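I have placed the structure first, in the form of structure tokens, so that the comments after it can refer back to it.
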Amino acid sequence: MDESELVGRWFTVDGAGGIVRYAGPVEGSAGSWLGVEWEEAGRGKHDGRGGSSGRRYFECRFPQHRGTGLGGSFIRAVPRIDWGQSLLEAARERYGAGGNDEAAACLPRAIDGRRGRIEAVGMERVAQAQSNLRALAVVGVEGLRVSGAGDRAALGELAAATTLLLARNYLTDWAQVEQILAALPQRHLALVDVSANHIEAAQCAEPDGTTTVDTLRLDAAPLLGWAAAGRIAQQVRAQSLSLGRCALEDPGAMAEAAGLWPLRELHVRGNRLTTVRPFGALAGLETLDIGDNPLRTIDVGPPGAFGRLRSLDVTHTALDGWGAVDALRAVPSLRALALAHTPLAAGEPHARTQAVARLPQIAVLDRSEVSAAERTELERHYLVLCAAESAGGGGGGEAPLVDEMARRFPRVRELVAAHGAPARPSRVESRLRARVAGSTIEIVGAGDQAAAEVHARPLIRTMAVRQVRALAARLAGGRRIGALLVRAADGAAWVAMDNDARTLAFYGVDGACTVRAVVVGD
């Protein structure tokens with residue numbers, strides 16, 4: 001391979017991986033050298049400078065080397081350097097194609113199960129079917145050192161491939177992926193995953209529409225950036241794009257990534273995003289997953305933004321005020337919202353009540369359907385909560401109370417018109433916090449002694465047991481809950497809550513307690 005062709009190539013040597021940043025002579029040293037940046041932090045000895053004069057030959061770019069820049073070394077192009085292999089070679093390695101007797105000999109004749117060894121029948125037939133590369137719709141070669149297309153004509157052997165899984169390989173430039181896609185017989189692919197491949201540049205050709213990809217995953221590519229991601233998405237006419245853990249900052253004007261405009265789904269979890277506003281310019285966007293970002297509030301932007309948005313995921317963000325949820329009333333198309341694992345949801349014992357009542361358009365909250373009956377119940381409960389918080393203001397009549405509620409909380413007049421005004425709470429009952437018991441809900445399987453999951457959830461002592469059961473079912477991921485037990489925090493005996501119509505107070509809940517919910521079905 002010519003020296004100039006090595007620059008930008010990924011390699012491994014002696015178990016360590018890196019990318020070639022420079023190839024050629026180094027002042028004061030004989031022969032040719034490779035200037036490399038190592039993936040592992042601390043392995044490099046310098047920042048790309050070398051020679052007797054300290055000249056800079058290359059720059060270290062990986063995020064783990066920012067600050068020090070010490071990620072580089074000069075090495076010789078020794079034979080033991082592994083430059084990877086072609087896609088077809090990797091597919092043959094994975095699926096044992098080509099009559100590989102050694103691969104067939106390695107097939108298991110028995111599988112160790114929990115109840116002993118189980119005879120593995122038909123493994124040869126499975127292997128034989130998979131070894132027919134022409135019939136494979138899904139080609140999974142993750143982590144098999146794929147560095148490019150290789151012989152493009154030979155890729156005609158992957159005649160049926162519509163899903164291509166290329167994560168964790170040796171790809172560093174989108175041009176390498178372009179060559180693979182251009183050589184595949186199928187012109188329309190359902191999924192292409194090139195995550196965790198150190199892709200840095202994307203000098204894409206103008207889109208010609210010859211190859212399209214429905215879902216494109218470019219996760220864990222911290223050197224990619226919005227502009228390059230936009231060019232890539234535009235080239236393959238992607239409908240769904242995932243850019244998780246790419247160290248992306250707020251994109252500003254979406255013109256910076258104009259290629260993202262045709263997207264219907266965008267997944268950007270685990271980045272550095274603090275606002276959703278720029279994504280409102282994506283006119284066709286129906287799904288936005290912006291979870292696990294330092295997002296503190298929601299600003300949807302001007303009227304008409306997010307005109308087609310149906311699903312929004314803000315889980316594991318820093319949302320801490322209901323104003324963020326209220327802003328979503330300006331997105332009437334929104335049907336599904338996920339906001340679990342945020343300070344807002346964790347600090348509010350009635351988070352589901354608040355979210356459902358504030359957003360009349362949503363039908364799914366935290367992946368749990370909101371039925372018409374539940375919406376009615378939660379909206380009425382919301383009015384009771386608003387009344388309790390507003391009881392200290394206004395006069396003594398019903399109208400002043402509703403006026404005070406409407407001044408402090410959204411949708412009050414609309415909900416009062418639908419459900420009627422709540423009664424004015426007594427001075428004692430209006431002190432909602434006096435009715436809240438700090439509690440822990442344990443989710444266990446039938447017969448388990450220790451809690452499999454533990455959730456801190458304040459409960460109102462006047463809640464019905466059936467409401468606690470519904471909450472436990474949501475915490476258990478929708479699994480069916482059988483027995484419900486409760487005991488005081490001082491370690492008293494467990495008491496079975498055997499009547500769903502009773503309140504927690506009936507079973508002696510008068511302070512901090514532990515509720516144990518037993519899962520009886522999947």
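The values are calculated or read from the model by the stated rules, or taken from the named source; none is laboratory data. On a predicted model such as this, the values are computed, not experimentally measured, just so you know. Here the Cβ positions follow ideal geometry from the backbone for every residue, glycine too, while neighbour counts run over all protein chains shown.
Looking at residue 263, is it more than 18 Å from residue 294 (Cα to Cα), at pLDDT 95 or above and hydrophobic (A, V, I, L, M, F, W, C)?
no
For a quick check of your reading: which helices (runs of 4 or more DSSP H) sit entirely within segment 296-370 and have at least 3 residues that are closer than 20 Å to residue 471 by Cβ and more than 21 Å from the chain's Cα centre (by Cα)?
Passing ranges, in order: 351-358.
How many of the residues in segment 146-161 are buried (at least 20 other Cβ atoms within 10 Å of the Cβ) and outside any helix (DSSP H, G or I)?
Result for segment 146-161: 6.
Keeping to segment 337-348, report how many residues are surrounded by fewer than 19 Cβ atoms within 10 Å (Cβ to Cβ) and touching a Leu at 6+ places or on another chain (Cβ under 8 Å).
So the answer is 1.
Please work out which residue is modelled with the highest pLDDT, limiting yourself to segment 426-473 and to residues that are assigned to a loop (DSSP other than H, G, I, E, B), among the charged types (D, E, K, R) and loosely packed, with under 14 Cβ neighbours inside 10 Å.
448
Considering only residues that are surrounded by 22 or more Cβ atoms within 10 Å (Cβ to Cβ) and in contact (Cβ under 8 Å) with a residue 40 or more places away in the chain, which ones fall in segment 24-54?
Once the filter is applied, which keeps residues that are surrounded by 22 or more Cβ atoms within 10 Å (Cβ to Cβ) and in contact (Cβ under 8 Å) with a residue 40 or more places away in the chain, segment 24-54 yields only 34.
More than 22 Å from residue 81 (Cβ to Cβ) and of a type outside the set (Asp, Glu), is that true of residue 175?
It is false that residue 175 is more than 22 Å from residue 81 (Cβ to Cβ) and of a type outside the set (Asp, Glu).
Taking residue 480 as the residue in question, decide whether it is over 26 Å from residue 369 (Cβ atoms), at pLDDT 80 or above, assigned by TED's automatic domain parsing to the domain that holds residue 440 and charged (D, E, K, R).
No.
State all residues of segment 1-42 that are of a type in the set (Gly, Ala, Ser), on the phi < 0 side of the Ramachandran plot and over 39 Å from the mean Cα position of the chain (by Cα); if no residue qualifies, say none.
Selection gives 29, 30, 32.
Between 13, 20, which is of a type in the set (Val, Ile, Thr), touching a helix residue (DSSP H, G or I) at 6+ places or on another chain (Cβ under 9 Å) and closer than 20 Å to residue 65 by Cβ?
20
crowded, with 18+ Cβ neighbours inside 10 Å, modelled with pLDDT of 95 or more and in contact with a helix residue (DSSP H, G or I) (Cβ under 7 Å, 6 or more places away or on another chain), is that true of residue 298?
Answer is yes for this residue.
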